[in-house]
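The block underneath contains the structure these notes are about, expressed in structure tokens.
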Amino acid sequence: MVFDEHFHAFTKLTKSDACPDTCECKELIDIPTVWVPPPQKHPFAGIIISRDPTTAFIPYYTEAQSKDLSLWREHLFATNAIPQWTFQRISEFNRKYMDGALSEGELETFRKTLCHSVYWTHLHKCCTDKRGEDSLKFKWKNAFCCADRWLKSEIELAGREDVRFIIALGKDVKRWFEKKGDDLPVGQGIRVYHLPHPSRANMGSWNPKDVEVQLALGERIKELVLRCQDIFE
């Protein structure tokens, strides 16, 4: 798999040599850039993009890095973090606002796809700290120059693996997609699904009072889940 080769190359780069000079995190040597291995034993079906890992994620990441690629990936996907939260929010939304339009079997296939066939990456690769104590706080300026350097190439490379979808989580990721526009190398067969960030701090976005917003989000969720149904056939 071509993407696997590039993943190995990414992880060997040092921030001081490879990161853009305009990023303020470039000199934070003790703050890791987070790279999660792509699918290893299953079809490569999609990408999930969250905003930024936090410093609380560092111990999990450090432990995962000591394992081989498959276990490294499994360890991070098993943490109480973005992939699990995304599935939980979608399941809850289906039950609460979609009248259970998606069956348990369809949701389980989606969960399996999310766990085994999706590449998890970030808009901003360095771990941030919302208090600004153990690392810098998240800043659009740093995130966007990071994404222009790394995320853009990840999307382009993943397109060569015949991925079907990109799950873009939260307003900051959506803003980057809108800013890049036609310059973003998203292949014709790849559908981008903008969903709310799944953290508990953002529960309001997963419980919209506006009925039209509910319906629109429900349609995106339904299309995404159904797009995953034949991946393991």
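Under the definition of Cα pairs under 8 Å and six or more residues apart, what whole-number percent is the relative contact order of the chain?
Answer for the chain is 28 percent.
Pairing rule first: another cysteine's C-beta must sit under 4.7 Å. Under that rule, which cysteines of the chain stay single?
Cys19, Cys23, Cys115, Cys127, Cys145, Cys146, Cys228, each lacking another Cys Cβ under 4.7 Å.
Hey, quick one: spin label on Ser103, modelled 7 Å out along Cα-Cβ, who in segment 192-233 has an amide N within reach, i.e. under 20 Å?
In segment 192-233, the label zone of Ser103 (backbone N under 20 Å from the point 7 Å along Cα→Cβ) covers 219, 221-233.
State the Kirkwood hydrodynamic radius of the chain in Å, one decimal place, computed from all pairs of distinct Cα atoms.
On the way: mean 1/r = 0.0549 Å⁻¹.
After inverting the pairwise mean of 1/r, the radius is 18.2 Å.
Can you tell me the relative contact order of segment 81-203? Whole percent, Cα pairs under 8 Å, sequence separation 6 or more.
Numbers: 94 pairs, mean separation 28.9, N = 123.
Over segment 81-203, the number comes to 24 percent.
Let me see the pair-distance distribution of segment 124-194: every alpha carbon pair, 10 Å bin width, integer percents in order.
All Cα pairs, binned at 10 Å, distribute as 19, 49, 25, 8, 0 percent.
I'm a student and want to see the number: the projected area of the Cα convex hull of segment 148-187, averaged over all directions, in nm².
Working: hull surface 11.1 nm².
Mean projected area of the Cα convex hull: 2.8 nm².
With a cap of 16 neighbouring Cβ atoms within 10 Å, and only residues DSSP puts in a loop, list the GluC sites (Glu not before Pro) found in segment 85-146.
In loop regions of segment 85-146 (DSSP not H, G, I, E or B), the sparsely surrounded GluC sites (Glu not before Pro) are Glu133.
Could you work out, for segment 112-233, what percent of all Cα-Cα pairs fall into each 5 Å distance bin, beginning at 0 Å and stopping at the bin that holds the largest distance?
2, 9, 16, 21, 20, 16, 11, 4, 1, 0
Would you pull out the residues with amide H under 5 Å of Arg191's amide H, same chain only if 5 or more places away, H placed 1.01 Å from N?
Counting only residues 5 or more places away or on other chains, the set is Phe165, Ile166.
I'd like the GluC sites (Glu not before Pro) in segment 10-67 restricted to DSSP loop residues with at most 15 other Cβ atoms within 10 Å, sorted by number.
The qualifying sites are Glu24, Glu27.
Counting helices only, and only those DSSP H runs with n ≥ 4, report the 222 nm mean residue ellipticity of the chain as the sum of -39,500 (n - 2.57) divided by its residues, in deg cm²/dmol to the nearest 500.
Value at 222 nm, helices only: -13000 deg cm²/dmol.
List, largest first, the extents of the alpha carbons of segment 1-138 along their principal axes, each in whole Å.
The principal-axis extents, from largest down, are 50, 37, 25 Å.
Which length gain, in nm to one decimal place, applies between Thr11 and Val213 when the Cα-Cα distance is subtracted from 0.36 nm times their residue separation?
Here the answer is 68.8 nm.
Please report the spacing between the Cα centers of segment 62-125 and segment 150-215 in Å, no decimals.
Each part's Cα centre sits 15 Å from the other's.
To the nearest 20 debye, what is the magnitude of the charge dipole of the chain about its Cα centre, counting +1 on the Cβ of each Lys and Arg and -1 on the Cβ of each Asp and Glu?
520
Kindly provide the trypsin sites (Lys or Arg not before Pro) of segment 203-233 that DSSP labels as loop, not H, G, I, E or B, and whose Cβ sees at most 10 other Cβ atoms within 10 Å.
Taking segment 203-233 and a limit of 10 other Cβ atoms within 10 Å, the loop trypsin sites (Lys or Arg not before Pro) found are Lys209.
At 7 Å along the Cα-to-beta-carbon direction for both Met203 and Glu27, put a label point, then send me their distance in nm to one decimal.
4.2
With unit charges on the beta carbons (Lys and Arg positive, Asp and Glu negative) and the dipole taken about the Cα centre of the chain, which residue among Gln84, Gly159, Trp35 sits farthest to the positive side?
Positive-end residue among those listed: Gln84.
Pulled fully out, how much extra length does the chain show between Glu156 and Asn80, if you take 0.36 nm times their separation in residues and subtract their Cα-Cα distance?
24.5 nm
Tally Lys and Arg at +1 and Asp and Glu at -1 over the other residues with C-beta under 13 Å from the C-beta of Glu156: what net charge comes out?
Numbers: positive: Arg149, Lys152, Arg160, Lys180; negative: Asp148, Glu154, Glu161, Asp183.
So the surrounding residues net to 0.
What number do you get for segment 1-52 when its Cα radius of gyration is normalised by 2.2 N^0.38 Å, N = residues?
Details: Rg = 13.3 Å, N = 52, 2.2 N^0.38 = 9.9 Å.
Against the compact-globule rule of thumb, the ratio is 1.35.
In whole Hz, what ³J(HN,Hα) sequence does segment 58-69 give by Karplus (6.51, -1.76, 1.60; θ = phi - 60°), x for Gly and Pro?
These are the phi-based 3J(HN,Hα) values: 4, x, 5, 5, 4, 5, 4, 4, 7, 9, 6, 4 Hz.
Where the only charges are on Cβ atoms (+1 Lys, Arg; -1 Asp, Glu), what is the dipole of segment 130-233 about its Cα centre, to the nearest 20 debye?
Dipole size: approximately 580 debye.
A short reminder: the numbers here are calculations on the coordinates, not readings from a lab. All values derive from a computational prediction rather than experimental measurement. Note that each Cβ is placed from the backbone with ideal geometry, even for glycine, and that neighbours are counted across all protein chains shown.
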